[in-house]
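K.L.:
This is the structure I have questions about; it appears just below.
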Amino acid sequence: MPFLRPRNPKENLWKEWDRKAQKNGLKSTVFTVSGDEYTGEWRENKKHGKGTQRWKATGAIYDGDWEHGKRNGFGTYSVPDPISGEYKKAYSGGWKNDKRHGLGTNFYSDDEIYEGHWYAGKRSGWGRMYYADCSTYEGEWSDDNPSGQGMLRLANENRYEGFWKNGKKHGPGKFFFFEKGQLYDGVWVDDIPKCGSMIDFGREDAVDPTLYPIPQIKLRNPTDVLEKSRSMFLDDDDEDI
């Protein structure tokens, strides 16, 4: 009877190959089929930790925190300048689920910058926006638009202080005409002043005051008249303001 030597079962080679193929910890640059490249930390085959991603199609670069394959935490997103080719910072701040989230600064251009809070990729919460025309808005935002209380300061120092809705003056607000030395205090609807009072305000220090002061109101009860007019526009928006 032939003698048969017992065999030790060999571990399937594919298990070892699969183990070596798993991306965990710090790795050198990994390229995708589309030409994108990532250098940084991994966990269970997903970008996790600190890392830098470059997208071939746009040339954009993200450098910062990752969590389970998505941008989460703090990071900087930069894009190449179409003329010089040098990289310019587009956003620096918080991220969540691949979107701007939390506190961050977005550079729309050299002249337009937003710094403040974000929610799911949109300006939401408190923030300050510097516009190319040298005006500045500071206040509340919602769904990427000024909404709530805020102040808009124009390049000539005139300013609006009051409520906003969907990016427009809406609700009670005051507009200071400093070059004329006047103040409008009233109600706005979709950027249009509907009712209110206009008074002289700092006329003695105004750069270009009107020729004559605003005449005194002669109504018997101007306060009641104004309140009735205000209520017409505010009743429908009480929940918003």
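K.L.:
Please give the number of the condition Glu138 fails out of (1) surrounded by 15 or more Cβ atoms within 10 Å (Cβ to Cβ); (2) under 23 Å from Val207 (Cβ atoms).
P.N.:
The one condition Glu138 does not meet is (2).
K.L.:
Could you check the range 178-195 and list, in sequence order, the residues that are out of contact with any strand residue (DSSP E or B) (no Cβ under 7 Å at 6 or more places or on another chain) and surrounded by 16 or more Cβ atoms within 10 Å (Cβ to Cβ)?
P.N.:
Phe178, Lys180, listed by residue number.
K.L.:
What residue, of Lys70, Lys88, is touching a Pro at 6+ places or on another chain (Cβ under 8 Å) and in the same structural domain as Ala57 (by TED's automatic domain parsing)?
P.N.:
Going through Lys70, Lys88 in turn, just one is touching a Pro at 6+ places or on another chain (Cβ under 8 Å) and in the same structural domain as Ala57 (by TED's automatic domain parsing): Lys88.
K.L.:
Does the range 92-105 hold any residues that are farther than 15 Å from Thr136 by Cβ and assigned to a strand (DSSP E or B), and which are they?
P.N.:
Passing the criteria: Ser92, Gly93, Gly94, Trp95, Lys96, Lys99, Arg100, His101, Gly102, Leu103, Gly104.
K.L.:
Given the structure, is Ala132 surrounded by fewer than 14 Cβ atoms within 10 Å (Cβ to Cβ) and without any contact (Cβ under 8 Å) to a residue 60 or more places away in the chain?
P.N.:
yes
K.L.:
Of all residues in the range 141-177, how many are surrounded by fewer than 20 Cβ atoms within 10 Å (Cβ to Cβ), among the charged types (D, E, K, R) and not in a loop (DSSP other than H, G, I, E, B)?
P.N.:
Qualifying residue count for the region: 5.
The values are calculated or read from the model by the stated rules, or taken from the named source; none is laboratory data. Predicted model, so just to flag it, every value in this text is computed and none were measured. Counting neighbours? That spans all protein chains shown, and the Cβs are built from the backbone with ideal geometry, glycine included.
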